[in-house]
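One structure is given below, encoded as structure tokens.
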């Protein structure tokens, strides 16, 4: 829930008592559906229609 709320990994690590950041990442930062939606929204807000207009 902390990762989903946007709390940084170091804060999560200290809060749950881990000494190894990789342990925290492995256990607590799996990608949830909300995180996927939020990521898509952030990219859209940042870049707008640029990605749609680019041709390769």
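Could you check region 1-18 and list, in sequence order, the residues that are closer than 18 Å to residue 32 by Cα and surrounded by 11 or more Cβ atoms within 10 Å (Cβ to Cβ)?
Within region 1-18, the subset closer than 18 Å to residue 32 by Cα is 1-9, 12.
Selection gives 2, 3, 4, 7, 9, 12.
Wholly within region 8-52, which helices (runs of 4 or more DSSP H) include no fewer than the required count, namely at least 1 residues that are touching a strand residue (DSSP E or B) at 6+ places or on another chain (Cβ under 7 Å) and modelled with pLDDT of 85 or more?
Because the criterion is at least 1 residues that are touching a strand residue (DSSP E or B) at 6+ places or on another chain (Cβ under 7 Å) and modelled with pLDDT of 85 or more, no helices (runs of 4 or more DSSP H) in region 8-52 meet it.
The values are calculated or read from the model by the stated rules, or taken from the named source; none is laboratory data. Predicted, not measured: the structure shown is a model, and the values here were computed from it. When we count neighbours, we look across all protein chains shown, and the Cβ atoms used for this are built from the backbone with ideal geometry, even at glycine.
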